[in-house]
Amino acid sequence: MTPFSDLARAAYCPRQLYYARRDGDRDVPETARARMDLAYRYPTLADASDATLRRLPIRRSPAAYRRNLARLSERDDYDRLVDPEFERVGRAGKDCRGTVHKILDDGDGPPVPTVVSPGEPPENGVWEPQTVRAVGVAKALAWEREREVPRALVEYPSVGVVREVRLTTRAKAAYRRALRAARAIDGPPSRVDDDRCTACDYRDRCGTGRRTLRSLLG
């Protein structure tokens, strides 16, 4: 079965996934892990001092971060976000598997899985790689529980924002494309050369024309 992380990489760039598989690069960087861990500390962080927040890997000023957490606390599902049914559990579905960061369940409606991202959210919605991963997680949970799971959440804890991903026709089509791309890789896929390359850890060995500002400045 395809790991959830492979789905996200395939949605971002299949060539990146090729290099990650070839090099056995599966570890989450320490900085990213520290940002993801914030998703399990919302109540404590909401009351933290400026000095404490400045020592943490948040992506906003302390005041802005607390405002975001205050808005987050107004969500109907906030109690389940801070006290989910399960945290960081492995789940396997029909086509994919991996860690589900949280599973929210109120005992009434369908369960809601979450994907925790260490990055910045877009202005609206969710980036496509995270959408694809969220769909994969929801499908795996639906397969396990033999019931429909129509939505998932993506948490951006270093910003204090949570976004919803609904399993629409468009979202499921993006998931199927990424799954096909991940399964089809048996050699280096075609190279791309666009803005994705600037932030890619594999840009030097990939041979794109994009270079980092640091390399340009020597």
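The values are calculated or read from the model by the stated rules, or taken from the named source; none is laboratory data. What you see is a predicted model, and the numbers here were worked out from it, not measured in a lab. Neighbour counts run over all protein chains shown; Cβ positions are idealised from the backbone, glycine included. Just so you know, the surface numbers come from the protein's heavy atoms only, side chains and all, with ligands and any DNA or RNA stripped out. Shrake-Rupley method; radii C 1.70, N 1.55, O 1.52, S 1.80 Å.
Residue-wise test of (1) out of contact with any strand residue (DSSP E or B) (no Cβ under 7 Å at 6 or more places or on another chain); (2) among the hydrophobic types (A, V, I, L, M, F, W, C); (3) free of Cβ contacts under 8 Å to residues at least 40 places away in the same chain.
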position	(1), (2), (3)
Glu146	yes, no, yes
Val159	yes, yes, no
Leu167	no, yes, yes
Leu179	no, yes, no
Asp186	yes, no, yes
Arg191	yes, no, no
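If you check Thr44 against the conditions, is it polar (S, T, N, Q) and buried (at least 16 other Cβ atoms within 10 Å of the Cβ)?
Numbers: polar (S, T, N, Q): yes; buried (at least 16 other Cβ atoms within 10 Å of the Cβ): no.
It is false that Thr44 is polar (S, T, N, Q) and buried (at least 16 other Cβ atoms within 10 Å of the Cβ).
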Residue, most open to solvent (accessible area, probe 1.4 Å), within the stretch 184-195, restricted to residues that are over 20 Å from the mean Cα position of the chain (by Cα) and not small (Gly, Ala, Ser): Asp186
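Considering Arg15, Arg59, which residue is crowded, with 17+ Cβ neighbours inside 10 Å and closer than 18 Å to Glu120 by Cβ? Explain how you work it out, then say what you get.
Working: Arg15 fails: closer than 18 Å to Glu120 by Cβ.
Selected residue: Arg59, the only one of Arg15, Arg59 that is crowded, with 17+ Cβ neighbours inside 10 Å and closer than 18 Å to Glu120 by Cβ.
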Exclusive hit being small (Gly, Ala, Ser), assigned to a helix (DSSP H, G or I) and within 30 Å of Ala173 (Cα to Cα), set Ala8, Ala64, Ala34, Ala51: Ala8
Residue within the stretch 47-62 that is of a type outside the set (Phe, Trp, Tyr), touching a Leu at 6+ places or on another chain (Cβ under 6 Å) and under 17 Å from Glu155 (Cα atoms) present: no
Filtered residues of the stretch 80-108 (kept if under 19 Å from Pro150 (Cβ atoms), in a loop (DSSP other than H, G, I, E, B) and open to solvent by 20 Å² or more (accessible area, probe 1.4 Å)): Glu85, Lys94, Asp95, Asp105, Asp106, Gly107, Asp108
Residue satisfying condition, being modelled with pLDDT of 75 or more, open to solvent by 10 Å² or more (accessible area, probe 1.4 Å) and among the hydroxyl-bearing types (Ser, Thr, Tyr), within set Thr208, Thr212, Thr168: Thr168
Condition met for Arg35 (out of contact with any helix residue (DSSP H, G or I) (no Cβ under 9 Å at 6 or more places or on another chain), under 17 Å from Val154 (Cα atoms) and either touching a residue at least 24 places away in the same chain (Cβ under 8 Å) or among the charged types (D, E, K, R) (or both)): yes
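Is the stretch 63-79 home to any residue that is out of contact with any strand residue (DSSP E or B) (no Cβ under 8 Å at 6 or more places or on another chain), closer than 21 Å to Thr131 by Cβ, open to solvent by 40 Å² or more (accessible area, probe 1.4 Å) and of a type outside the set (Gly, Ala, Ser)?
Our first condition is that a residue be out of contact with any strand residue (DSSP E or B) (no Cβ under 8 Å at 6 or more places or on another chain); within the stretch 63-79, this holds for 63-67, 69-71, 73-74, 76, 78-79.
Next, from what is left, pick out any that are closer than 21 Å to Thr131 by Cβ: none.
No, because not a single residue in the stretch 63-79 is out of contact with any strand residue (DSSP E or B) (no Cβ under 8 Å at 6 or more places or on another chain), closer than 21 Å to Thr131 by Cβ, open to solvent by 40 Å² or more (accessible area, probe 1.4 Å) and of a type outside the set (Gly, Ala, Ser).
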Residue within the stretch 121-130 that is of a type in the set (S, T, N, Q), under 18 Å from Arg33 (Cα atoms) and either crowded, with 19+ Cβ neighbours inside 10 Å or under 11 Å from the mean Cα position of the chain (by Cα) (or both) present: yes
